[in-house]
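To start, the structure itself, in structure tokens.
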Amino acid sequence: MDIRYKYTTKYSETPEQLSGELALGHLHLPWSKISAIEELPDLEVLTLLDGSFVGERWELTPGGFRELRCLSLENLDVVEWEDVTDGGDALPCLQKLRLIGVWELETVPSCLQRNAPLMEIEVMDCNYILNELVHEIGEEHKDWGNAGLKITID
């Protein structure tokens with residue numbers, strides 16, 4: 001089991017000023033259990049490592065990850081990553097997405113194409129379907145005026 005959580009302060013020690021980083025690995029929890037993490041009010045950086053969650057389908061909770069700015073998925077076996085309601089209101093602050101070794105992933109949530117203020121997507125050691133999806137996200141962002149989205153596929 002690998003759980004790391006750290007709070008860092010910004011400007012003062014008051015709870016309103018705290019920002020959190022969380023890294024999880026080898027928990028082998030079903031994706032349904034991620035809903036508790038989606039509700040953490042000040043979580044800004046989340047890294048999901050090999051075996052943190054298992055199963056083929058991850059459904060984002062509407063309004064989930066309200067403050068998350070950086071999300072990294074590494075060596076997970078998820079195939080479908082989707083919005084539950086297709087409302088696109090999850091991950092509203094996401095700026096950086098890292099997808100590393102998620103060989104099975106074939107779908108991504110629609111909120112990545114429409115609502116997230118993405119600045120960077122990094123894809124390494126993933127399948128061609130995911131690579132194409134990331135290119136489509138880039139095109140969608142260009143159409144919406146976000147020509148500065150940096151995409152790296154390796």
Mind checking which pairs have a first residue in the range 50-71 that is farther than 13 Å from residue 92 by Cβ and a second that is in a loop (DSSP other than H, G, I, E, B), Cβ under 6 Å, 6 or more apart or different chains? 50/75; 51/26; 51/28; 52/27; 54/28; 56/79; 58/78; 59/84
Would you mind finding the one in 74, 44 that is of a type in the set (Asp, Glu), at pLDDT 95 or above, buried (at least 18 other Cβ atoms within 10 Å of the Cβ) and closer than 22 Å to residue 106 by Cα? 74
Can you confirm whether the range 93-109 contains a residue that is in contact with a strand residue (DSSP E or B) (Cβ under 6 Å, 6 or more places away or on another chain), within 20 Å of residue 149 (Cα to Cα) and of a type in the set (Lys, Arg)? yes
Looking only at the range 116-140, count every residue that is in a loop (DSSP other than H, G, I, E, B) and farther than 14 Å from residue 154 by Cα and tell me the total. 4
Looking only at the range 143-154, which residues are loosely packed, with under 13 Cβ neighbours inside 10 Å and either more than 16 Å from residue 71 (Cα to Cα) or in contact with a helix residue (DSSP H, G or I) (Cβ under 6 Å, 6 or more places away or on another chain) (or both)? 143, 144, 145, 147, 148, 154
Restricting attention to the range 44-97, the residues that are more than 13 Å from the chain's Cα centre (by Cα), of a type in the set (A, V, I, L, M, F, W, C) and part of a loop (DSSP other than H, G, I, E, B) number exactly 2
Go over the candidates 120, 80, 140 one by one and state the one that is surrounded by 14 or more Cβ atoms within 10 Å (Cβ to Cβ), within 16 Å of residue 57 (Cα to Cα) and among the charged types (D, E, K, R). 80
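The values are calculated or read from the model by the stated rules, or taken from the named source; none is laboratory data. Not measured: the values here are computed from a predicted model. No Cβ is skipped: glycine too gets one built from the backbone with ideal geometry, and neighbour counts run over all protein chains shown.
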